[in-house]
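Every read-out reported here was derived from the displayed coordinates using simple, explicitly stated rules and does not represent laboratory data. Here the structure is a predicted model, which is why all the values come from computation and not from measurement. Backbone-built Cβ (ideal geometry, glycine too); neighbour counts: all protein chains shown.
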């Protein structure tokens, strides 16, 4: 598979699960844990969530009016369609290496976005990763698909 790159457009975290995440200047990712200070960090397979900025832009073109972090995503990237990559795909951003562990998730509660729009993109477009190597990520950084797990 050919390497693909995108650009980080937002990095977000929240201290409580089930809430919208707030935009940060940068985030620190900890190996096999997740984003420092984020409620979803821990020793499991959904440490960091990714969402394609292009999918959010298309959803907003329908009148959604959502801000960065509204879907509970940690990192938004323009130029990469995460759903097109298989489980096990690895991404690199600065020193950070992430491995994709899950595509989409069941939405147990109809969030405000679903109530307003009748649909939500995170359950279908969002992907989850675990942190293989830690480091820092900020808006404007290059985000690259580097292959699959060995």
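Structure notes:
- Among 92, 16, 105, sorting on how many other beta-carbon atoms sit within 10 Å of each Cβ, with the fewest leading, yields 16, 105, 92.
- Fluctuation leader among 61, 41, 70 - the chain, Gaussian network, Cα springs under 10 angstrom: 61
- Of all DSSP bridge pairs formed entirely within segment 18-129, close to 80 percent run antiparallel.
- Between residue 16 and residue 106, the contour length at 0.36 nm per residue exceeds the Cα-Cα span by 30.5 nm.
- Gyration tensor (alpha-carbon) shape descriptor, segment 1-80, a/c threshold 1.5: oblate
- Seen through its C-alpha gyration tensor, with square-root eigenvalues sorted a ≥ b ≥ c, segment 16-135 comes out prolate because a/c lies at 1.5 or above while a/b is bigger than b/c.
- Each residue, residue 94 and residue 146, gets one label point 7 Å from its Cα in the Cβ direction; the gap between the two is 1.4 nm.
- Put a dot 7 Å past the Cα of residue 4, heading toward its Cβ, do the same for residue 36, and the two dots end up 3.1 nm apart.
- Per residue, the average separation of C-alpha pairs within less than 8 Å and at least 6 apart gives segment 5-148 a relative contact order of 35 percent.
- For segment 66-95, backbone nitrogen atoms closer than 18 Å to the point 7 Å from residue 60 Cα along Cα-to-C-beta are found at 66-82.
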